[in-house]
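S.K.: Pasting a structure below so you can have a look.
All of the numbers you see were taken from the coordinates with simple rules; none came from a lab. This structure is a prediction, so every number in the text was calculated from the model and none was measured. We place every Cβ from the backbone using ideal geometry, glycine too, and count neighbours over all the protein chains shown.
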Ligand code: AMP
Ligand code: TRP
């Protein structure tokens, strides 16, 4: 469907408030937020309503909500430039999500791979929220008429669904170009590097907050020793590094470590291999550990400083929710009128 949307460019993204952030979240999402806020009107929120699609202990959820807000700020998301808020503080998301539940088709949701992964074998026992999760995500985006959405590669399918919902709403209600068809921004400033960071224990599995092994993830909050130890313990193979990216094929762990080095240093895989090709992991891992510590440990320090000041964080989030509501509330009023609701 052609997109002739004429509205302003607007960037929006969110991160679930379930568990601590890791360098996959940083490279796939946060670092892009920091770059984008310099150029465009940006909305970055904490997807607490998405988090409860799987069970969250309330006290843990509260703590994580502050931890993730602090992670945004520590990574460089600036509350003077970007609007930062909790999803649950802006009820317009939920209202639009209901209307979108009536636009999206069952067949579309049946294809969502994240639901299949998260629901596992026993999908009868998954929450209904987990199933309609991508519909709420579409509402998050379109309630601000966001045009661009910086996310990691795993979110591509959800973004396609958002485009389908926007297009069907515009068509069904005869309001051409009312909603933009939002585009994912998967590549970062340094190209594809960082779009998909894999587990340090298994180069074929995505680095994920919910991985049971602590050693699989480099968390932003890890201290210097922990970061260095995890890099040194990362799974590898017995070969030396190739001198060109083609040689990484079939070597997922090696490819992942080279990818992390590339993303953190702003180099391409080819440039990293031009420096390290022919060397073993005994030489490469210490260099990677040093780079990880240099780039990530200062974020952890700032994160701890901010977490110790929940009043400041609460103030930032309250101001953000007000700014967000000022845009989202009138949009929902307009949508209700388009749909035919009276008041
Ligand atoms: P989530 O933690 O699932 O809420 O993800 C928050 C953001 O981080 C989304 O934009 C994801 O696409 C991104 N992300 C999560 N895991 C990774 C990963 N392993 N590599 C790259 N990006 C990721
Ligand atoms: N589903 C996203 C994730 O797991 C988080 C999210 C919720 C999101 N709503 C969003 C991302 C809207 C971008 C835009 O990563």
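S.K.: Rounded to the nearest 500, what is the 222 nm mean residue ellipticity of the chain from helices alone, with -39500 (n - 2.57) per DSSP H run of 4+ residues and division by all residues? Don't skip to the answer; put the middle values down first.
M.R.: Numbers: 13 runs with 171 residues, N = 343.
Calculated at 222 nm, the ellipticity per residue is -16000 deg cm²/dmol.
S.K.: Sketch the reach of a paramagnetic label on residue 94 as a point 7 Å from Cα along Cα-to-Cβ, and name the residues of the range 24-57 whose backbone nitrogen lies under 14 Å away.
M.R.: Hits in the range 24-57 for residue 94 at 14 Å: 48-53.
S.K.: Arranged from highest to lowest average of other beta-carbon atoms within 10 Å per residue, in what order do the peptides 161-174, 138-151, 238-251 appear? Numbers along the way, then the final one.
M.R.: Working: 161-174: 18.7, 138-151: 23.7, 238-251: 14.0.
Averaged packing, sorted descending, gives the order 138-151, 161-174, 238-251.
S.K.: Given axes a ≥ b ≥ c from the Cα gyration tensor, I'd like to know whether the range 33-188 is rounded (a/c under 1.5), prolate (a/b larger than b/c) or oblate. List each step's numbers first, then the result.
M.R.: Values: a/c = 1.69, a/b = 1.10, b/c = 1.54.
Judged from the Cα gyration tensor, the range 33-188 comes out oblate (a/c at least 1.5, b/c at or above a/b).
S.K.: Now for a different question. Compute a Gaussian network model of the chain, connecting alpha carbons closer than 10 Å, and tell me which residue from 67, 101, 25 fluctuates the most.
M.R.: Top of the fluctuation ranking is 101.
S.K.: Using 1/(1 + (r/R0)^6) with R0 = 45 angstrom and r between the beta carbons of residue 294 and residue 39, what's the FRET efficiency to the nearest 0.05?
M.R.: On the way: r = 26 Å, r/R0 = 0.58.
Given R0 = 45 Å and the Cβ-Cβ separation, E is 0.95.
S.K.: If you don't mind, there's one more thing I want to ask. Enter the angle in degrees (range 0 to 90, nearest 10) between the Cα long axis of helix 310-339 and the first principal axis of the Cα atoms of the chain, meaning the one along which they spread out most.
M.R.: For 310-339 against the chain, the angle is about 40 degrees.
S.K.: Which whole-number percent gives the relative contact order of the range 43-124, counting Cα pairs below 8 Å spaced six or more residues apart? List each step's numbers first, then the result.
M.R.: Working: 32 pairs, mean separation 33.2, N = 82.
With pairs under 8 Å counted, the relative contact order is 41 percent.
S.K.: With springs connecting C-alpha atoms under 10 Å apart, model the chain as a Gaussian network and identify which of 255, 70, 176 has the largest mean-square fluctuation.
M.R.: Of the options given, 176 has the highest mean-square fluctuation.
S.K.: Which shape class applies to the range 116-204: rounded if a/c is under 1.5, otherwise prolate when a/b exceeds b/c and oblate if not, where a ≥ b ≥ c are the square roots of the Cα gyration tensor eigenvalues? Mind dumping the intermediate values first?
M.R.: Details: a/c = 3.26, a/b = 1.26, b/c = 2.58.
Cα axes put the range 116-204 in the oblate bin.
S.K.: With an 8 Å Cα cut-off and a minimum separation of 6 or more residues, compute the relative contact order for the chain in percent. Could the numbers behind the result be given before it?
M.R.: Working: 550 pairs, mean separation 77.6, N = 343.
Relative contact order here is 23 percent.
S.K.: Restricting to Cα pairs below 8 Å that are 6+ residues apart, what does the relative contact order work out to for the range 115-238? Please round to a whole percent. Please list the in-between numbers first.
M.R.: On the way: 126 pairs, mean separation 21.7, N = 124.
Result for the range 115-238 is 18 percent.
S.K.: Still on this model: Figure the gain on full extension for residue 110 and residue 4 (residue separation times 0.36 nm, minus the Cα-Cα span) and round it to one decimal in nm. Could the numbers behind the result be given before it?
M.R.: Details: separation 106, 0.36 × 106 = 38.16 nm, distance 2.90 nm.
The span from residue 110 to residue 4 would gain 35.3 nm if fully extended.
S.K.: Now a separate question. Treat the count of other C-beta atoms within 10 Å as a stand-in for reagent exposure and order 102, 42 from fewest to most. It would help to have the intermediate numbers written out before the result.
M.R.: Working: 102 10, 42 23.
Ordered by Cβ neighbours within 10 Å, fewest first: 102, 42.
S.K.: So how do 197-207, 12-22, 117-127 stack up, highest first, on mean other-Cβ count within 10 Å?
M.R.: Values: 197-207: 19.2, 12-22: 23.2, 117-127: 11.3.
Per-residue Cβ counts within 10 Å, averaged per peptide and sorted highest first, yield 12-22, 197-207, 117-127.
S.K.: Shifting gears a bit: State the Cα centre-to-centre distance between the range 243-303 and the range 306-321 in whole Å.
M.R.: A separation of 35 Å, based on Cα centres.
S.K.: Based on the alpha-carbon gyration tensor of the chain and its eigenvalue square roots a ≥ b ≥ c, which shape applies: rounded if a/c is under 1.5, prolate if not and a/b is larger than b/c, or oblate? Present the calculation step by step, with values, prior to reporting the outcome.
M.R.: Working: a/c = 1.88, a/b = 1.64, b/c = 1.15.
Prolate, because a/c is 1.5 or more and a/b exceeds b/c.
S.K.: For the range 33-91, state what percent of all Cα-Cα pairs lands in each successive 10 Å bin, counting from 0 Å until the bin that includes the largest distance.
M.R.: Over the range 33-91, the share of Cα pairs per 10 Å bin runs 22, 48, 25, 5 percent.
S.K.: Test of understanding: ordering 98, 55, 108 by Cβ neighbours within 10 Å, fewest first, what list do you get? Intermediate values should be presented prior to the final figure.
M.R.: Working: 98 12, 55 9, 108 16.
Taking fewest neighbouring Cβ atoms as first place, the list is 55, 98, 108.
S.K.: Angle between the Cα long axis of helix 156-172 and the longest principal axis of the chain, 0 to 90 degrees, nearest 10?
M.R.: 10
S.K.: Between residue 249 and residue 57, how high is the FRET efficiency from 1/(1 + (r/R0)^6) when r is the Cβ-Cβ distance and R₀ = 56 Å? Nearest 0.05.
M.R.: Working: r = 42 Å, r/R0 = 0.76.
So the FRET efficiency works out to roughly 0.85.
S.K.: Another question about this same structure. Residue separation times 0.36 nm, minus the C-alpha to C-alpha distance between residue 215 and residue 314: what's the value? Don't jump to the answer; show the numbers that get you there.
M.R.: On the way: separation 99, 0.36 × 99 = 35.64 nm, distance 3.15 nm.
Net length gain for the segment: 32.5 nm.
S.K.: Determine the gain in length on full extension of the stretch residue 239-residue 329; use 0.36 nm per residue of separation and subtract their C-alpha separation, reporting nm with one decimal.
M.R.: Extra length from residue 239 to residue 329 when fully extended: 26.6 nm.
S.K.: May I ask for the distance between the Cα centers of the range 78-118 and the range 1-63, given as a whole number of Å?
M.R.: 11
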